[in-house]
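Below: the structure, in C-alpha cells.
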Protein chains: 2
Amino acid sequence: MIREVTGGITVVPGIKAGGIQCGIKEAGKDLALIVSDPPAISAGLFSRNKVQAEPLKLTLDHIKYELTRAILVNSGNANCCTGPEGYSHAQELASLTAKYLQADPRAILLASTGIIGKKLPLEKIKTALPSLIKALSPEGGRAAAEAILTTDKTSKELAVEWNYRGQTFHLGGIAKGAGMIQPDMATMLCFLATDFNIERSLLQYALKKAVDKSFNRITIDGDTSTNDMVICLANGLARNERVCTKNQAYRAFQEALDHVTLALAHLIVQDGEGITKFIEIRVVGAATPRDAEAVARSLANSLLVKTAFFGEDPNWGRFMMAIGKAEARVNPNKISIAVDDLNLVQQGIAVLGAWEEKAREIFRKKEIRVVVDLNLGRAETVIWTSDLSTEYVRLNSQYLT
Amino acid sequence: MIREVTGGITVVPGIKAGGIQCGIKEAGKDLALIVSDPPAISAGLFSRNKVQAEPLKLTLDHIKYELTRAILVNSGNANCCTGPEGYSHAQELASLTAKYLQADPRAILLASTGIIGKKLPLEKIKTALPSLIKALSPEGGRAAAEAILTTDKTSKELAVEWNYRGQTFHLGGIAKGAGMIQPDMATMLCFLATDFNIERSLLQYALKKAVDKSFNRITIDGDTSTNDMVICLANGLARNERVCTKNQAYRAFQEALDHVTLALAHLIVQDGEGITKFIEIRVVGAATPRDAEAVARSLANSLLVKTAFFGEDPNWGRFMMAIGKAEARVNPNKISIAVDDLNLVQQGIAVLGAWEEKAREIFRKKEIRVVVDLNLGRAETVIWTSDLSTEYVRLNSQYLT
C-alpha cells in the first residue's frame, strides 16, 4: 500500500538537499545539491538526442564507476554545445564538489538545464558551492526542487512510503519540465532517492520500466532535449536484505517507483507554460504495440489536433487525418473514437445525433480523455499531452537569446 | 528554354475550364471543371494518408481505365469519412458530368477539399452542373483556380511555353494549399495540363519526379491530408511524335514540369495563413539521402525551430536540438550551420564574434535560407517550410466545425 507523504526527496533517510541562488539566472534559485549518506547505488536514463550536453556526458561516465554521493544541478544554462571547455567545466565542478564532500569525483553526478550554446558561468557556481554545502539539510528537498526550475510555474516534488513485512520504505523525487516550452529552457530532469536496498542492475531495470510508463509517455511538442535525465539513488538505509530478483519486495518497490514517476510526469504536462488542457490519448485495438505507439504519437503531436483542443472544438476529422498519417497498420473503416465516454466515430462512421453539444461540453473541460480503437488487434498504449495555444507560440518566439 | 506565360492551365490548346459558385461554401466560387478536348492520357499522385476521401478513391479507380475528359473539383467539403454514401455521391457526380460531356463516367476524375466528415451537398452540385458546363471557356483557367480554394488568400496558377525542334509546347497548372492551415480545410490539390504528346507510363514517371522535387518537399505543419492529389493531363495536341523514352524531347518536358510544380509549391508555402516567413532548409554532407531527409524534416517540423523564426531569433541551440533528435547518423562535433551566408556553427562550435547583430538582421528577412552541413558524406536535400505564428494557432483554434 503506497501512501503519499510530505517532504519530497528528503523524506528518504540519509538524503539531504539544498538549493540556493548563485546568479546564473537573473532571479531565483539556480543551484541544487542532493547528497546521500551513505553513498548510494544509482541508475540513470538519458536523452536519446545525439547532441548531448557536457554534464550529461560526464554523468554517463561517472555513473558507471562508483557509488554516488551527490548530484549537483544548475538551472539557467544547459552547458551544451560548449565543446571541450564545457566538459572541463563540468569536471571541475565534480572535483570541487567531491572535495567538499570528501568523496571521489566520480561519486558526483551533474545535470544542467537552460540556454544551449552559452558558456557556463563557472566562477559563480564555484563561489557559491560552500554556501550550498552549508545549506544542505534533511528538510531541503523543496529548495532543491525550486533551484532546478527554469520557466516552470511550480516546483514538482513527491514522496511516498510503503510497508513490506513490517518495515517502512521511502521514495521521493523532484522534477522539472516541460517539453521545451520556453526557448532553450529545454530539459526534463528528475531526481529520485530511496532507502530501499536493491541490486544495481535491478534498480536500472526498475527505473527503465517506470520511465517507459511515465516520462516516456508525455509529449508537449515532440522536441527532445539535449539535457534530459532521470536519476535514481538507492542508499539501502532501510537495511532490508538486498533485493536481487523480481520478488514480492521488488514488486512493492516498483509500484512505489511507478507511482512517483507517473505523478511527476503528469505534473510536468500540467505545468507547461501556455498549456490550457491536459489530454490523455489512449489507443487500443492495435495490431502491434509499435502501431499503437505510432498512432498515439501522431495524434499527440499533430498541430491540428492540438489546436482543436485549444479551440475547444470536437473536430474529429482532424483526429482521423492524424490516425491515417501514422506509420501504422490502420483500417479507416474500423476506427472508433471516443472522448471521455462519448462516441464520436464508430467503425469509421460519424455517430450523428445529439452528440455535438455534449462533445463541445467535454472539449471545454481542463482534462480530456481520448480513446481510439483501431479494432485490429489487442495492443494498446497511452500518452499524455497538452493543447497548443497562442501563448505557447508567443512565449517561444518572444524569448530572445 | 522555358518561358512563363499568362493564361494558367487554359493556355494549353484543347483545355477549357470554368469555376462557379454553387453554394457549398458561404461565399465565393466552390465548383470547378477542367475539360480536355481531345481526351487526354493522365497521371496522378495521391495522398499517402490511409484515410482517403471518397472522390480520391474514385479517381484512383477511374484514372486506371480511360482517357480523361474532365476533372470536377469542389471546395468547402472534403467528402471524406462519409462512407458508402459519400462514394456513391462521387459516382453520381462523375456519371452526371460524363453525360453532359458525352463521355464514359470513368473519363471523369473527381477531387474535393474542405471539411472532413460532413455529408456532401449533392443536390447543390447537381443543380449547378449545367451552368458550370456553360461557363467552360479557353479563358477559364483563373475561374477554376479560384473555385478550388478554401482559405488560400490568392489563387495559384502558372503556365509555361517551350520550344523544341521548331515546335511550341504548353504546360499550365493550378493549385491550392496549404498544409492544413485552416481546420479541416486541409488539402493540397494541383491540376496540370499539357499538349505534349507522351506515353502514359512515362508521364507518370515524369510527374513523380517533379512532385518529389516540389510538393513533396514542402511542409507547413507535418500534417498530411486525406484529399491531396496532383493530376497531369496530356492531350497530345502538339502532335509531336509520341515520346516513349527519356530522350531530349522528354527532358525538355521534364524541365517545364519541374518549373511549374516547383513554382506552385513555393506559392503554396508563401500563401499559408498566419505564415510570416518562407524558409529554405538545405541539408548537405549527410551519410545517406535518408539521413539528409530525416534531419531536414526534423528541423522543418520542430515547433521550437519554427517559433524561433517567427520570433526572429537566431537561436541556433534549437537547431542543434532538432538535428540531434532526428533519426539519422549525426556527429554533433561535425555539424556546421549557416543562415544565408553567415556561419553560426562550425564543426559543432559556435562561431563567436560580431555575428549576432548580422544574424538578427537575417532572421528579420521574409525569406531565409538555412544550410546544415553534417560533414559525414555527400547526400543532400532541401525542404521549404514556414514559421509558426500565433496567427496559425488562432486560425486553427478559432475556426469551429
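Does anyone have the angle between helix A:83-101 and the longest principal axis of chain A? Alpha-carbon axes, 0 to 90°, nearest 10?
Result, in degrees: 60.
Modelling each spin label as a point 7 Å along the Cα-to-Cβ direction, I'd like the residue B:366/residue A:288 distance in nm, to one decimal.
Label-label distance for residue B:366 and residue A:288, simple model: 4.7 nm.
Just to verify a number: FRET efficiency for residue B:331 and residue B:4, C-beta to C-beta distance, R0 = 56 Å, to 0.05?
0.85
Farthest toward the dipole's positive end in the range A:1-138, which of A:71, A:103, A:46, given Cβ charges of +1 (Lys, Arg) and -1 (Asp, Glu) about the Cα centre?
A:46
Taking chain A as a Gaussian network, Cα atoms linked when under 10 Å apart, which of A:197, A:163, A:77 shows the biggest mean-square fluctuation?
Of A:197, A:163, A:77, the Gaussian network model singles out A:163 as fluctuating most.
Could you tell me the center-to-center distance, by alpha carbons, between the range B:232-252 and the range A:71-139 in angstrom?
68
7 Å along Cα→Cβ for the label point: how many nanometres lie between residue A:5 and each equivalent label in the other copies, listed shortest first?
So the label point of residue A:5 gives 8.6 nm to the other copies.
If R0 is 30 Å, what FRET efficiency do you get for residue A:241 and residue A:65 from their C-beta distance, rounded to 0.05?
After rounding to 0.05, the efficiency reads 0.75.
Among the listed pairs B:118/B:156; A:118/B:306; A:277/B:119; A:209/A:306; B:209/B:366; A:306/B:213, which have their C-alpha atoms separated by more than 23 angstrom in this model?
Cα-Cα > 23 Å for B:118/B:156; A:277/B:119; A:209/A:306; B:209/B:366; A:306/B:213; rest within.
Semi-axes of the range A:278-398's equivalent ellipsoid from the Cα gyration tensor, sqrt of 5 times each eigenvalue, largest first, rounded to whole Å?
23, 18, 11
Roughly how many nanometres apart are two label points built 7 Å out from the Cα toward the Cβ at residue A:200 and residue A:85?
In this crude label model, residue A:200 to residue A:85 measures out at 3.5 nm.
Which aspartates and glutamates does residue A:126 reach when only Cα atoms under 19 Å apart count, and residues fewer than 8 places away in its own chain are ignored?
Correct list for residue A:126: A:26, A:30, A:54, A:85, A:92, A:104.
Going by a ≥ b ≥ c, the root eigenvalues of the Cα gyration tensor, does chain B fall in the rounded group (a/c under 1.5), the prolate group (a/b larger than b/c) or the oblate group?
Prolate shape, in that a/c is at least 1.5 and a/b is the bigger ratio.
List the residue from chain A whose beta-carbon is nearest to the axis that rotates chain A onto chain B, together with that distance in whole Å.
Here the value is A:390, 2.
In the P(r) worked out for the protein assembly as shown, what percent of Cα pairs fall beyond 37 Å?
When all Cα pairs of the protein assembly as shown are counted, 48 percent exceed 37 Å.
Using the Cα centre of chain B as origin and beta-carbon charges of +1 (Lys, Arg) and -1 (Asp, Glu), tell me which of B:362, B:21, B:32 is placed farthest towards the positive end of the dipole.
After comparing all options, I get B:32.
Compute the helix-to-body angle for A:54-65: its Cα long axis versus the longest principal axis of chain A, expressed 0 to 90° and rounded to tens.
With rounding to tens, the tilt is 70 degrees.
Nothing charged except the Cβ atoms of Lys and Arg (+1) and of Asp and Glu (-1): what's the magnitude of the dipole of the protein assembly as shown about its Cα centre? Round to the nearest 20 debye.
In debye, rounded to 20, the protein assembly as shown gives about 1100.
Bear in mind these aren't lab numbers, they're just calculated from the coordinates by the rules spelled out. Small disclaimer: the values here were computed from a predicted structure and weren't measured. Don't worry about glycine lacking a Cβ; one is built from the backbone with ideal geometry, like all the others, and counts go over all protein chains shown.
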